[in-house]
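Working notes for the structure below.
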Amino acid sequence: MALTQMALDSLDFDATVALAEKVAPHVDILEIGTPCIKHNGIKLLETLRAKFPNNKILVDLKTMDAGEYESEPFYKAGADICVVLGVSDIGTIKGVIKAANKYGKKAQVDLISVEDKVARTKEVAAAGAHIIGIHTGLDQQAAGQTPFADLAAVAGLNLGVEISVAGGVKAATAGQVRDAGASIIVAGAAIYGAADPAAAAAEITAIAHG
Ligand SMILES: O=C([C@H](O)CO)[C@H](O)[C@H](O)COP(=O)(O)O
């Protein structure tokens, strides 16, 4: 059993809200993707928070510095999860964890471009990170990479932290991701690029929850 997260990666405010309206009943977590939050800001989080009380909301800040200062306003505005980069200083990561704990929410550490993912996972788990993000970014996907080997290495540590997996996941691979130990399965393009995003979201959620 894993939760599903839909990545809203459009730059357009109204299109993002309209897509969220279609998919929200069919996923557990709505993600405001990095390009989307940079373009639209905290107002979009406030709008989605008010419209979708039944979904968790992740804000993919990909914070690199000033962890507590940058993330606290988003937790205060209703984010359930904020993302900090695993390549950032441990003080930055601890800052986001501190802000999350202050609001009873979660901090996710994204391992994108981290060289030694196993060592970093152990370090941030010991620091209190709630979720480890295994993430093959869009540019890495374009170069042919996938998240599966990293997922196996991190899940094999059995540290008891939640594991989120993102990077081109679709219905055909969601079962493999779930069975490999993911707690959260992220899908962006597989949902927003589908002819029927609601149906695509429902299909992936059925697999994730199975
Ligand atoms: O985080 C993402 C990417 O780095 C852009 O910021 C995507 O939201 C994430 O990769 C999920 O999207 P898909 O890979 O299209 O499923």
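Taking a ≥ b ≥ c as the square roots of the eigenvalues of the Cα gyration tensor, an a/c ratio of 1.5 or more together with a/b larger than b/c marks segment 81-136 as prolate. Once the C-beta distance of GLU123 and ASP179 is scaled by a Förster radius of 41 Å, the resulting FRET efficiency is 0.95 to the nearest 0.05.
In the frame of its principal axes, segment 3-209 has Cα extents of 41, 35, 29 Å, reported largest first. With the simple spin-label model, which puts each label point 7 Å out from Cα in the Cβ direction, the ALA206 to MET64 separation comes to 4.2 nm.
Using the Cβ-Cβ distance between GLU115 and LYS38 with R0 set to 22 Å, the FRET efficiency from 1/(1 + (r/R0)^6) comes to roughly 0.30. Of ILE29, ILE93, ILE112, the residue with the greatest mean-square motion in the GNM of the chain, using alpha carbon springs below 10 Å, is ILE112.
Coordinate-derived values only; no laboratory data. In this text, all values refer to a predicted model and were calculated from it rather than measured experimentally. Glycine gets a Cβ as well: all are built from the backbone with ideal geometry, and neighbour counts include every protein chain shown.
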